[in-house]
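The values are calculated or read from the model by the stated rules, or taken from the named source; none is laboratory data. Being a predicted model, the structure only gives us computed values, none of them experimental. Counting neighbours? That spans all protein chains shown, and the Cβs are built from the backbone with ideal geometry, glycine included. SASA here: full protein model, heavy atoms, side chains in, ligands and nucleic acids out. Shrake-Rupley method; radii C 1.70, N 1.55, O 1.52, S 1.80 Å.
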Amino acid sequence: MTLVTGGELFTGNTALVTAAVQEGKASKKGLAKSWIASYFGNFVGSILLAYLAFKSGTLANSPASINIATAKCSLPWDVAFVRGILCNWLVCMAVYMASGASTMIGKMTAVWFPISSFVALGLDHSVANMFIIPLAMLRGAEITMSDFVFNNLIPVTLGNIVGGALCVMAPFGMTFGKWFQKKE
């Protein structure tokens, strides 16, 4: 929905705004502003959605959110980091491919396979985790804010940045753009 409605998703911005900076179309200050604003906005929106899902009783009898969140917050730091890289590599490829589609069905098809893959593989997306972990906490998961932030959110976010900026956009920028070319 975010791609179609023109909303800002932090994980996509790690690739797109980084590319704009490297191509000289945005400033580093603009990059910082984009990342901070989208991260904060995504966090607030995710917390609000988690609260609404909790209050509505959505999937209330299912232990899935608690089990998933507990597993995510129990990962070693390096594993969470690498899962963040792999996840955003897929997510940013979805964003990149969708940007080349001109129809709604084209965009949906471009996004479907990479996003389904990251979910099926159990990879970690910082914004998705901003929803599922607080939802599990509201439902009684034995997860502290410290567990959430330091065991999951920080390593996954850093991994998402590497996945978007280095694994997706850097190769495209070096191949098709002006990345690392000498200025005349």
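Evaluating Tyr96 against the criteria (1) modelled with pLDDT of 95 or more; (2) more than 22 Å from Pro155 (Cβ to Cβ); (3) buried (at least 17 other Cβ atoms within 10 Å of the Cβ) leaves one unmet condition, (1).
Scoring Pro63 on the criteria (1) modelled with pLDDT under 95; (2) exposed (fewer than 11 other Cβ atoms within 10 Å of the Cβ); (3) farther than 28 Å from Ala110 by Cβ leaves a single failure, condition (2).
Given (1) under 30 Å from Trp179 (Cα atoms); (2) modelled with pLDDT under 95; (3) loosely packed, with under 13 Cβ neighbours inside 10 Å, identify the lone condition not met by Lys107. Only one criterion is unmet by Lys107, namely (3). Condition test on Ala128, is it surrounded by 13 or more Cβ atoms within 10 Å (Cβ to Cβ), closer than 14 Å to Ala69 by Cα, of a type outside the set (S, T, N, Q) and under 12 Å from the mean Cα position of the chain (by Cα)? It is true that Ala128 is surrounded by 13 or more Cβ atoms within 10 Å (Cβ to Cβ), closer than 14 Å to Ala69 by Cα, of a type outside the set (S, T, N, Q) and under 12 Å from the mean Cα position of the chain (by Cα). Scan the stretch 4-58 for residues that are open to solvent by 80 Å² or more (accessible area, probe 1.4 Å) and in contact (Cβ under 8 Å) with a residue 12 or more places away in the chain and the total you get is 4. Would you pick out the residues in the stretch 136-164 that are open to solvent by 10 Å² or more (accessible area, probe 1.4 Å), under 18 Å from the mean Cα position of the chain (by Cα) and touching a residue at least 60 places away in the same chain (Cβ under 8 Å)? Residues satisfying the conditions are Asn151, Thr157, Leu158, Ile161, Val162. Of all residues in the stretch 72-89, none that is farther than 20 Å from Thr14 by Cα and open to solvent by 70 Å² or more (accessible area, probe 1.4 Å) has its Cβ atom under 7 Å from the Cβ atom of a residue that is of a type in the set (D, E, K, R) and assigned to a helix (DSSP H, G or I), 6 or more apart or on another chain.
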